[in-house]
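Everything below concerns the one structure shown next.
The values are calculated or read from the model by the stated rules, or taken from the named source; none is laboratory data. Here the structure is a predicted model, which is why all the values come from computation and not from measurement. With ideal geometry, Cβ positions are generated from the backbone for all residues, glycine too; neighbour counts draw on all protein chains shown.
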Amino acid sequence: MPWWLDALIGLAGALLLAWLALAVALLAARPRGSLLAEALRLLPDLVRLLRRLAADRALPRGVRIRLALLLGYLALPIDLIPDFIPVLGYADDAIVVTLVLRSTVRRAGLAAVRAHWPGTPDGFAALCRLTGLPGAPQPSEAA
């Protein structure tokens, strides 16, 4: 067998292993229970929030770059996890958004996110629960 075929097979195996590791990491990081449904329901408001935060020059450059990359990922028609895989197939966008938002909200602060939030107070409370902010308002407090 030629050396280049061995290298190609090795590369394909490494890519498959990396994809499987990513799928396991997304499965472990997915929101539990009703939070996943909330994340999917909030997706339009979240996209508007991401766009507004990415355009805010007052935020650190790293946060804006992270948000711009996330918006680019959401615009691509290719998903990390194909839709035929149960649970993760349709939820991978919501999981990736949640992970990026957790780090962004912790870095940019709750006040910046609240200032740019386009949705309802209940939606903002759900966003706080998704990002795992300490002291996030509960549904009864957000009304």
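When the residues of region 118-143 are narrowed to those that are surrounded by 14 or more Cβ atoms within 10 Å (Cβ to Cβ) and not in a helix (DSSP H, G or I), which ends up modelled with the lowest pLDDT? Even if it seems obvious, please write down each step before you answer.
Taking region 118-143 and keeping what is surrounded by 14 or more Cβ atoms within 10 Å (Cβ to Cβ), we get 118-119, 122-133, 136-137, 142.
Filter once more, so that each one left must be not in a helix (DSSP H, G or I): 118-119, 132-133, 136-137, 142.
Details: 118: 90, 119: 85, 132: 73, 133: 64, 136: 55, 137: 52, 142: 45.
By that ranking, first place goes to 142.
Annotation: residue 80 fulfils all but one of (1) within 16 Å of residue 127 (Cα to Cα); (2) in contact with a Phe, Trp or Tyr (Cβ under 9 Å, 6 or more places away or on another chain); (3) of a type outside the set (Gly, Ala, Ser); the unmet one is (1).
Annotation: residue 41 fulfils all but one of (1) surrounded by 20 or more Cβ atoms within 10 Å (Cβ to Cβ); (2) under 17 Å from residue 124 (Cβ atoms); the unmet one is (1). Does region 54-88 hold any residues that are over 25 Å from residue 16 (Cα atoms) and touching a residue at least 60 places away in the same chain (Cβ under 8 Å), and which are they? If the condition is that a residue be over 25 Å from residue 16 (Cα atoms) and touching a residue at least 60 places away in the same chain (Cβ under 8 Å), then 56 is the only one that fits. When region 60-82 is filtered for residues that are small (Gly, Ala, Ser) and under 18 Å from residue 112 (Cα atoms), the ones remaining, listed by number, are 62, 68.
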